[in-house]
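**Student:** Just passing along the structure, written as structure tokens.
None of the figures in this text is laboratory data; all of them are computed from the coordinates on show. Note that this is a predicted model, so its numbers are computed, not measured. Here Cβ is always computed from backbone atoms with ideal geometry, including for glycine, and neighbour counts include all displayed protein chains.
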Amino acid sequence: MHPDCERILITEEELAAKVREAGRWLTERFRGKFPIAVCNLKGSAVFFTDLLRATEVDVEMDFMAVSSYGADTISAGKPRITRDLFSSVEGRDVILVEDIVDTGRTLVTLRSFFAERGANSVTVVALLDKPSRRVVASQADYTCFEVENHFIVGYGLDYAERYRNLPYIAALKRSVYEK
Ligand code: PRP
């Protein structure tokens, strides 16, 4: 384990098993369709590429970025779209892939963003959910794991842009983020 981590919360094996389940769920739901899968950078990048390899759905990949936090642990209010999509989502079935639903603000912002752009449907797949942190009512359509209010890193999630490449999800040592 990385020395800055307190303990592993979700192992590589547990992640792989849940990602396979989520992939199968997408396969059932989108059989015969050609949805556009949107990766909300950066945190979702690792989950996104594993998830799309775990589904048999024929998907287009797209990428965007929304920023709610800076290099800090505290939510900074309304999310901002910082990178737009490559393709139009008009008339398309969108699969939004998120690493974590925290306050819920990003999901609310993105659901209305896709609606304004004329998407036919929006299905949200989230790796993690921290329901104890919710500020606005919103929920993913499929959630892999619920987590408690630890400061978590790994499998795409960062602290100050570090630890995204850890293959597991771990709680960060308090001494690291309180420095
Ligand atoms: C994180 C995460 C979600 C969002 C969830 O992104 O990836 O998109 O915050 O928080 P919310 O439910 O409170 O809106 P972040 O802004 O940290 O960017 P990153 O993915 O590039 O790390």
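**Student:** Hey, can you rank 44-54, 126-136, 24-34, 97-107 by average C-beta count inside 10 Å, highest first?
**Tutor:** Descending mean neighbour count gives 97-107, 44-54, 126-136, 24-34.
**Student:** R0 = 30 Å: FRET efficiency of Arg53 with Lys78, Cβ-based, nearest 0.05? Intermediate values should be presented prior to the final figure.
**Tutor:** Working: r = 33 Å, r/R0 = 1.11.
The calculated FRET efficiency here is 0.35.
**Student:** Treat every Asp and Glu Cβ in segment 1-137 as -1 and every Lys and Arg Cβ as +1, leave all other atoms uncharged, and give the resulting dipole magnitude about the Cα centre to the nearest 20 debye. Show your work: numbers first, answer last.
**Tutor:** Numbers: 19 positive and 21 negative charges, 91 e Å.
For segment 1-137, the charge dipole is close to 440 debye.
**Student:** Report the Cα-based extents of segment 24-127 along its three principal axes, largest first, to the nearest Å.
**Tutor:** Each principal axis gives a Cα extent; for segment 24-127 these are 41, 27, 21 Å.
**Student:** Tell me, in nm to one decimal, what length is gained between Met61 and Arg174 on full extension, where the rule is 0.36 nm per residue of separation less the Cα-Cα distance?
**Tutor:** Working it through step by step, the gained length comes to 37.0 nm.
**Student:** Measuring from label point to label point, each 7 Å out along Cα→Cβ, what is the Thr11 to Leu85 span in nm?
**Tutor:** Going from the Thr11 label point to the Leu85 one covers 3.9 nm.
**Student:** Once both labels are modelled 7 Å past Cα along the beta-carbon direction, what's the Met1-Val135 spacing in nm?
**Tutor:** 3.0 nm
**Student:** Expressed as a whole number of Å, what is the distance separating the alpha-carbon centroids of segment 105-141 and segment 1-75?
**Tutor:** A separation of 14 Å, based on Cα centres.
**Student:** Restricting the count to DSSP beta bridges whose residues both fall in the chain, what percent are antiparallel, rounded to a multiple of 5?
**Tutor:** 35 percent
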